[in-house]
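Contents: one structure, followed by commentary.
What follows draws every value from the coordinates through simple rules; no lab data is involved. From a predicted model like this one, the values you see are computed outputs, not experimental measurements. All Cβ positions, even for glycine, are placed from backbone atoms using ideal geometry, and neighbour counts span all protein chains on display.
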Amino acid sequence: MAIVEVTGLNKEFRRNRRHQGAFGAVRTLFSREYSIHRAVQDVSFSIEEGEAVGYVGPNGAGKSTTIKMLTGILVPTSGDILVDGRVPHEHRQENARILGAVFGQRSQLWWDLPVIDSFELHQHVYGIADGDYRRTLGFCREVLQLDSFLQAPVRQLSLGQRMRAEMAMALLHEPKILFLDEPTIGLDVLAKDRIREFLRTINRERNVTIILTTHDLKDIEEICPRLIMINQGTVMFDNTVAHLKSTVGDEREIKIEFATDPGAIEIPAGTLVRDAGASKTIRFAQDNGSVMALLSELDGRYPIRDVSIEEVSIEDVIRKLYIQTGQNAPDSSEIDTWSRHRAVTR
Amino acid sequence: MTSYHTYFRKSFKKNAAYRTTVWLQIVSSLIQVGIQVAVWTALIGNGAVDGIGRDQMITYVILNAAMYAFRLTGLYNDVDARLRSGDIAIDILRPVHYPLLVLAESLGRAAYHFVFMVVPIVIVSAAVFGFSAPASVSAGIGFVFALLLAMLISYAIGYLIALLSFWFLTTFHFSWAIGGLTTLFSGAFLPLWFFPEPWASIARMLPFQFLGFVPAATWMGQLTGTDLVVTFAVGILWCVTLLMCTRLLWNRATSQLVVQGG
Amino acid sequence: MGITLFLHYARLRLKERMEYRAAFILGVFAQILGYGATYLVLWLTLQKFDNIGGWNWPEIALLYSLNVLTYALGAAYTYTPMTDLEKLVQQGTFDPILIRPHSPFLTLTAQMFNVGYLAHILLSGAILAWSVLQLQIEWTLLKVIFLTLSVIGGACLHAALLTLIGSISLIIVRADVLFRFNYSMQDFISYPISIFGPAIQILLTTIVPLAFINFLPAALILGKGTGVIPRDIAFITPVVGPILMWLAYRSFQFCTNRYQGAGG
């Protein structure tokens, strides 16, 4: 049975119209005027136990609203959610025991106290038996390499160390599902790698179901075989990462800096998009190792000084998906700010 | 001068923006006046203690409720907030003298308090409980002068608290301590004439009496002649001393800020 | 949530404050000075006037310290979470509270326990003890139990008021005015409420039952007059606070659910 089952999920926010002037707050309180914002519209998906799923979309797409409903923080306007067989917002406290959550931007650790104090409190809050606690902590200490800063106050930790501590704490009560909201945001490459490695490990070895929101497609590629893409409140893609690539075409842009201007060159598998003499940008589908082939071929003829591969942004992928599905692609600026408002007055 | 005027106006408008707050604050102040009137009625009754009757105490209570609006001490909150957010570096770089900017903002707030709180509170309280005009023309003039002293001294005290936070990084301790001293020695609740010795003598030497007792007593004609002159002299002395302290600390604080790199 | 868990939270908060030991101790002194001043003003007044509405200095000291002590006990758990609630919601820090295995109210109050009220408790506890000794009350077991329950009830009452306003702040913005309004209402019970008009006495026993915090229990113990309010009503003191606290708890739950339905 699926551990997360979502059917026809909708969430509308009512925004009360604020009144100005004397007793404005009082009038706002009794006012019936509001506007409706549809944050999530008819979303359905199901996640099996032990899956790792990336939940992506631009800002304001409804990502965190969905996560908040899955964790029981918000109540859906309509539709059904079952998490481990229970309705999250009706069984928030029971559900709390089987889910762990990491919010990249908000620490759940005690700022001025050693990391271990937060862990011990967590043990008591969740009533974890001493033996289980020691075993799980031992696992986390080893895989996340916590020992060097376990006794240090949280305020002295680097962001990477803090995130490792947050992950460990979220796992102490051995949750079945781990929710992660932007777990790698702001981290350097090394720290990101370490976090991704850890998430892969707990997903594969401990069978923890992972649901992850992110802006970084690399997070998805390295952790989650499956991807749910949401935009403007609706699911627009739900399949494997490999399938996404074959759908949108795995096009990448490579910028090559030659030692000297090679002039007009022949590019077998790609097209030249920008030509600035010694610096050329080439776009091509990367499906069969043709990058390396191209580079070695070029390097034999013209000395190359530097190569950089442009990361594909989620916004780019979404725009491509739009084009594929025959809809009009929104501007990238619209993706971030677009939201539906409908004024209602009664 | 025009730029300070702008800060004054901005501060006035900022405070006036929340009108629900204003209403509740007026009601709060009226409750306080009502409570104190009841207390003095219980204490004095229909007679008089040391020549002071209930009606005079009512005037004293209303004057002190009004005086509360002219206390600029609270300005340390603004400075503290700006110090925490780091905005203070921008303030210092502006082509205005920061202490005067703070004064202009505090005066803007005081003006707002005067219009939206003092006036309605005095009118309503006077209608309900009764209120006496200044004892004489000279008492009225003396009151205006005392009010000026009150504002300058409270500004200096508030600013000193703010400046100390440059070193202690919080205004918490000083604000509590100074708040306590003000409660006790300003005479805002118990007039200094009812203080037993040695408390009366101590209170008369401290700057806090100017934040409540002195303006009210001057208005009521309880402080006249040589007493008044001596009191004002003490006030001016405190004013100068405190303002010199702020200047000294300000110079140190800015150099401190430069060393820390803002 | 068990009592040991509550204490665990409190111990961590104390440990946290001890990271800045000097600042904490100075803070305790500063607050003792701050509140000490209000006691001194009352003392000076009673040096001059002997009594307020028939209550002399030790009696007023009992009345006032009972108010501050119960406030400190209640506010230590509710002041910080309730006054910060609006901010917590805006910053999203309230969300993790909702996915803990205990009720949001208990999690929030335990987690944001404020050790800073130690100053109030030390000063007012000492003054309460002093006044009780001064007053030469004929103590019976029943009176001791009654006073103890009254302190707990008063703490609940203060906590209930702060919680009610905190709940409202989940729905309307700028609830901070209400907190300030609450504090000016509290000024009534700095004095024996029999000095106020009958309407106010009734108001303070019914709609805003602040009289149960200190005036009614103190009057019962001291055998004082209670104005237009029948003194025997003081016997229900131990239940008024808990009942109000329960109502406040329910309203907090209601507003939390509303927040969950409406979203931040």
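Under a Cβ-Cβ cut-off of 15 Å, what is the net charge of the residues other than residue A:84 that fall near it, where Lys and Arg count +1 and Asp and Glu count -1? If you can, show how the numbers build up before the last one.
On the way: positive: A:86, A:92, A:97, A:176; negative: A:5, A:48, A:49, A:51, A:80, A:90, A:94, A:174.
Neighbourhood net charge equals -4.
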Fill in: Reach of residue C:48 by Cα under 12 Å, taken over aspartates and glutamates that are not fewer than 8 positions away in the same chain
B:50, B:197
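Would you please calculate the Kirkwood hydrodynamic radius of segment A:2-246 over all C-alpha pairs and express it in Å, rounded to one decimal? Working shown, then result.
Values: mean 1/r = 0.0519 Å⁻¹.
Roughly 19.3 Å, rounded to one decimal.
Normalized C-alpha radius of gyration of segment C:219-264, against 2.2 N^0.38 Å?
1.89
Cα-based Rg of segment C:191-234 per 2.2 N^0.38 Å, rounded to two decimals? Mind showing how you got there, number by number?
Values: Rg = 9.0 Å, N = 44, 2.2 N^0.38 = 9.3 Å.
Against the compact-globule rule of thumb, the ratio is 0.97.
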Discussion item. Explain nothing, just the number: dipole magnitude of chain C about its Cα centre with +1 on each Lys and Arg Cβ and -1 on each Asp and Glu Cβ, in debye rounded to the nearest 20.
Written reply: 340 debye
Worksheet item: Toward the positive end of the charge dipole of segment A:170-300, about the Cα centre and with charges on Cβ (Lys, Arg +1; Asp, Glu -1), which of A:265, A:227, A:293 goes farthest?
Response: A:227
Worksheet item: Dipole of segment C:3-262 (Lys/Arg Cβ +1, Asp/Glu Cβ -1, origin at the Cα centre): which of C:9, C:22, C:79 lies farthest to the positive side?
Response: C:9
Response to the item:
For residue A:180, the residues 5 or more places away or on another chain with a placed amide H closer than 5 Å to its own amide H are A:102, A:211, A:212, A:213
Discussion item. Suppose every Lys and Arg Cβ carries +1 and every Asp and Glu Cβ carries -1, with no other charges. What dipole size does chain B come out with about its Cα centre, to the nearest 20 debye?
Written reply: 720 debye
Discussion item. Quick check: from the Cα gyration tensor, does segment A:228-267 come out rounded (a/c under 1.5), prolate or oblate?
Written reply: prolate
Worksheet item: Taking only the alpha-carbon positions of segment A:75-151 and ignoring solvent, what does the Debye formula give for the base-10 log of I(q)/I(0) at q = 0.12, 0.14 Å⁻¹?
Response: -0.48, -0.63
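Estimate the FRET efficiency between residue C:134 and residue A:135 by the formula 1/(1 + (r/R0)^6), using the beta-carbon distance for r and 35 Å for R0, to the nearest 0.05. Mind showing how you got there, number by number?
Values: r = 59 Å, r/R0 = 1.69.
After rounding to 0.05, the efficiency reads 0.05.
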Worksheet entry | Relative contact order (%) - criterion: Cα under 8 Å, at least six apart; region: segment B:2-260 | 26 percent
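In the structure shown, do any of A:245/A:320; A:11/A:63; A:192/A:218; A:245/A:280; C:143/C:224 have a Cα-Cα gap over 20 Å, and if so which? Before the final figure, lay out the partial values.
Details: A:245/A:320 11 Å; A:11/A:63 12 Å; A:192/A:218 10 Å; A:245/A:280 25 Å; C:143/C:224 15 Å.
From A:245/A:320; A:11/A:63; A:192/A:218; A:245/A:280; C:143/C:224, over 20 Å: A:245/A:280.
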Response to the item:
Fewest-first ordering of B:250, B:238, C:55 by Cβ atoms within 10 Å yields B:250, B:238, C:55
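Would you tell me the mean number of C-beta atoms belonging to other protein chains that fall within 10 Å of each C-beta in B:178-184, as a whole number? Write out the running numbers ahead of the final one.
Working: counts 3, 7, 10, 3, 2, 8, 9.
That works out to 6 on average.
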Discussion item. Over the Cα atoms of segment B:2-260, what radius of gyration and what Dmax do you get, in Å?
Written reply: 19.1, 64
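Just add up the charged neighbours of residue C:101: K/R +1, D/E -1, any other residue whose Cβ is under 10 Å from the Cβ of residue C:101. Numbers along the way, then the final one.
Numbers: positive: A:92, A:97, C:100; negative: A:94.
Charge balance near residue C:101 sits at +2.
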Practice prompt. Summarise the partner chain shielding of A:124-134 as one whole number: the mean count of Cβ atoms from other chains within 10 Å of each residue's Cβ.
Written response: 2
Fill in: Debye, to nearest 20: dipole size of the protein assembly as shown, +1 on Lys, Arg Cβ, -1 on Asp, Glu Cβ
2260 debye
Practice prompt. With no solvent and one equal point scatterer placed on each C-alpha of chain C, evaluate the Debye formula and give log10 I(q)/I(0) for q = 0.08, 0.13, 0.17 Å⁻¹, two decimals.
Written response: -0.34, -0.89, -1.38
Worksheet item: At what distance in angstrom do the alpha carbon centres of segment A:104-140 and segment B:188-243 lie from each other?
Response: 58 Å
Item to complete: Find, to one decimal place in angstroms, the Kirkwood hydrodynamic radius of segment C:1-116, where the mean of 1/r is taken over every pair of different Cα atoms and then inverted.
Response: 16.8 Å
Worksheet entry | Per principal axis, descending, Cα span of the protein assembly as shown in whole Å | 108, 68, 59
Fill in: Cα convex hull of segment B:1-122 - mean projected area over all directions, nm²
9.5 nm²
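Taking the Cβ of each residue in C:124, A:246, B:186, C:131 as the centre, tally the other Cβ atoms inside 10 Å and list the residues starting with the fewest. Write out the running numbers ahead of the final one.
Numbers: C:124 25, A:246 11, B:186 28, C:131 21.
By the 10 Å Cβ count, ascending: A:246, C:131, C:124, B:186.
Once a ≥ b ≥ c are taken as the square roots of the eigenvalues of the Cα gyration tensor of segment B:106-230, is the result rounded (a/c under 1.5), prolate (a/b larger than b/c) or oblate (a/b not larger than b/c)?
Working: a/c = 1.89, a/b = 1.31, b/c = 1.44.
Oblate is the answer for segment B:106-230, as a/c is 1.5 or above yet b/c matches or exceeds a/b.
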Worksheet entry | Förster radius 60 Å - calculated FRET efficiency between residue A:35 and residue A:257 (Cβ-Cβ, nearest 0.05) | 0.70
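Just checking the output field for B:79-91: average partner chain Cβ neighbours within 10 Å of each residue's Cβ?
On the way: counts 0, 0, 0, 0, 0, 0, 0, 0, 0, 0, 0, 0, 0.
Mean shielding by partner chains, rounded to a whole number: 0.
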Worksheet item: Given R₀ = 41 Å, FRET efficiency for residue A:236-residue A:264 by Cβ-Cβ distance, to 0.05?
Response: 0.55
Discussion item. Among B:73, B:43, B:140, which residue has its Cα furthest toward the positive end of the charge dipole of segment B:2-260, with +1 on Lys/Arg Cβ and -1 on Asp/Glu Cβ?
Written reply: B:73
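Loop sites only, by DSSP: take the GluC sites (Glu not before Pro) in chain C that have at most 15 other C-beta atoms within 10 Å and name the longest stretch containing none of them.
C:139-264
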